[in-house]
Amino acid sequence: MMGVGTPFVEIVRTGRTAAAELIVLGRTGEHTFADASVGSTTERVVRKGGAPVLVVGQPVHTAYERAILAVDLSESSGRMLAVAGRLATDAASVGGVHVGDPRDPRTGGSLQTRVASFLAPLGAGIPWAIEVHRGEARSVLADLAKEADLLGLGGAGTSFGTHSLVGAVTEALLRVARCDVLIAPPRRREFALP
């Protein structure tokens, strides 16, 4: 399909017209998102499109085998997990990872139980490897993503009136992760297309 107009607007329009469950975008050239401006087409599609977005760096020939999926117990991470479960192989290593504040005494055993309860209805048959880490989310997830072929993130962010931002952790990881990145934005009021 070919469209004429502002790229992110036409991608969002096409996704809505097709009732897309997933929008797939490629990384351009040899550079990473660290080279792109904050207002990149990908960031705008994530922010305005409403559908989960898969950003791929290389052609995908098989299902993902090593997925690291960030679980923050939000609605958007639930959406991301549902899509990621369909992208992984049956034999995949799927890590449900929650990163907690090291100053929070709840980070640990009881949080692992909450993460397991959150994951249970989302991935029947998926052999979740649940990990709870203490530390700064960007750093921990960037390190874990080095060994993954897919990094899944909820796109929770802050809303300023009608202008919603992709979460800071999600935006930072989209820029530094070398693996493919799946982002599910939270459901919100629909962006009015021009």
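The values are calculated or read from the model by the stated rules, or taken from the named source; none is laboratory data. Treat the numbers as computed from the prediction; the structure is a model and nothing was measured. Every residue, glycine among them, receives a Cβ derived from its backbone with ideal geometry; neighbour counts consider all protein chains shown. Just so you know, the surface numbers come from the protein's heavy atoms only, side chains and all, with ligands and any DNA or RNA stripped out. Shrake-Rupley method; radii C 1.70, N 1.55, O 1.52, S 1.80 Å.
Run the quick spin-label model on Arg86 and Ser139: label points 7 Å from Cα toward the beta carbon, then report their separation in nm to one decimal.
So the two model labels end up 3.7 nm from each other.
Whenever you get a sec, line up Thr6, Thr17 from highest to lowest accessible area (probe 1.4 Å, protein heavy atoms).
Thr17, Thr6
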